[in-house]
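Peer 1: Here it is: the structure, laid out below.
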Amino acid sequence: MKALFTNTYESEFVKTEIEKPAPKKGEVLVKIHASGVNPIDNKIRLGLSPYASPVLPAVLGTDLAGVIEEIGEDVTDFKVGDEVYGLAGGVLGLQGTLAEYTAVDADLLAIKPKNLTMKEAAGIPLVLLTAWEGLIDRAKVQKGDKVLVHAGAGGVGHMVVQLAKIFGADVYATVSSQKADFVKGFGATAIDKNTPVEDYVNQYTNGKGFDVIYDTLGGQSLDDSFKAIRHYGQISSCYAFGTHTLATSSLRSASIHGVFVLRPMIGNEGRKHHGDILKETTKLIEEGKLKPLIDPRTFTLDNAIEAHKAVSDGSAIGKIVVDIL
């Protein structure tokens, strides 16, 4: 099979012919049709994510959509020919998805929504799972909650906005002015990202603060969340990697949740939960309640390095996906 290898950090991909893998016990062999690209993929390529980086040379790529071609021992939930999607590799010892085939732990996969293309499905797993873990598993969003999403038009953000709406929340999202229509289209109230925290807290919560805040940016955005949360509110962040003073949120008795969506792959714990979340996601998508935002550009194995750059240069409108087939 053809695969893209990363031989050294910061280098170009090298297209290589390697042997097609065989599924082990509990695995399935997937013919990959599309590989979703996330900011974490590019950080791994640059050597900026030591907690997730595989030993080089390695095949990178975390998300996939494709078709099962072979079933390993003890796999009962899937059959040959099933169209599947999942957050499936590209970290530590797991082969990534910038390749024509991969052998994947079946627990990480779910049947692809019938009303999505492979490209659309490949853009979903990492961002949806990150959104779900922070909003539903941790913050336990409820009907009627006032939810604030930082960067609501981003990859994770647009999934948080939609999930919060599905669960009956009143949703607000900070965005740049040119992306305001995206979040409005998902049913959220757009807040210009340059608006002072005190102003929008007063305007939309009468100064009390939001019930749930999902921070996708870290840094100042997370500090702003400490100021914008109500007493006993819930803050989730998928980018809580900086140094922060927790006094403001502590005085409000707020709960803070860190989300690291790669943990099940890296630590081999909670993998089935990821597959179960994606099964629920398939239902929501087929019911028309949830949809991905996919960047319209075409990337293939021949120019996948440009896809990696596009997730970090601010040019992406929605998720970046590499077409493999």
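Peer 1: Consider only pairs whose beta carbons are under 6 Å apart and that are at least six residues apart or on different chains; among these, list those whose first residue lies in the range 208-228 and is on the phi < 0 side of the Ramachandran plot and acidic (Asp, Glu) and whose second residue is open to solvent by less than 10 Å² (accessible area, probe 1.4 Å) and assigned to a helix (DSSP H, G or I).
Peer 2: These pairs meet every condition: ASP215/LEU222; ASP215/SER225.
Peer 1: Of LEU109, LEU92, LEU116, which residue is in contact with a helix residue (DSSP H, G or I) (Cβ under 9 Å, 6 or more places away or on another chain), buried (at least 22 other Cβ atoms within 10 Å of the Cβ) and in contact (Cβ under 8 Å) with a residue 40 or more places away in the chain?
Peer 2: LEU109
Peer 1: Do we find a residue being within 24 Å of GLU120 (Cβ to Cβ) and either of a type outside the set (Phe, Trp, Tyr) or touching a residue at least 60 places away in the same chain (Cβ under 8 Å) (or both) anywhere in the range 46-54?
Peer 2: no
Peer 1: Now for a different question. Out of the residues in the range 297-317 that are closer than 13 Å to LEU46 by Cβ and of a type in the set (Val, Ile, Thr), which is farthest from the chain's Cα centre (by Cα)?
Peer 2: Only one residue fits best here, namely ILE305.
Peer 1: I've got another one for you. Mind listing whichever residues of the range 122-134 are open to solvent by 10 Å² or more (accessible area, probe 1.4 Å) and touching a strand residue (DSSP E or B) at 6+ places or on another chain (Cβ under 9 Å)?
Peer 2: LEU126, GLU133
Peer 1: Please enumerate the residues belonging to the range 300-321 that are surrounded by 14 or more Cβ atoms within 10 Å (Cβ to Cβ), farther than 26 Å from VAL161 by Cβ and touching a Lys or Arg at 6+ places or on another chain (Cβ under 8 Å).
Peer 2: Scanning the range 300-321 gives a single hit, LEU301.
Peer 1: May I pose another question? Mind listing whichever residues of the range 135-161 are at pLDDT 95 or above, crowded, with 24+ Cβ neighbours inside 10 Å and not in a loop (DSSP other than H, G, I, E, B)?
Peer 2: Passing the criteria: LEU135, VAL147, LEU148, VAL149, HIS150, VAL156, GLY157, HIS158, MET159, VAL160, VAL161.
The values are calculated or read from the model by the stated rules, or taken from the named source; none is laboratory data. All values reported here derive from a predicted model rather than from experimental measurement. For neighbour counting, all protein chains shown are included, and Cβ atoms are generated from backbone atoms with ideal geometry for every residue, glycine included. Keep in mind that these areas ignore ligands, DNA and RNA; they rest on the heavy atoms of the full protein, side chains included. Shrake-Rupley method; radii C 1.70, N 1.55, O 1.52, S 1.80 Å.
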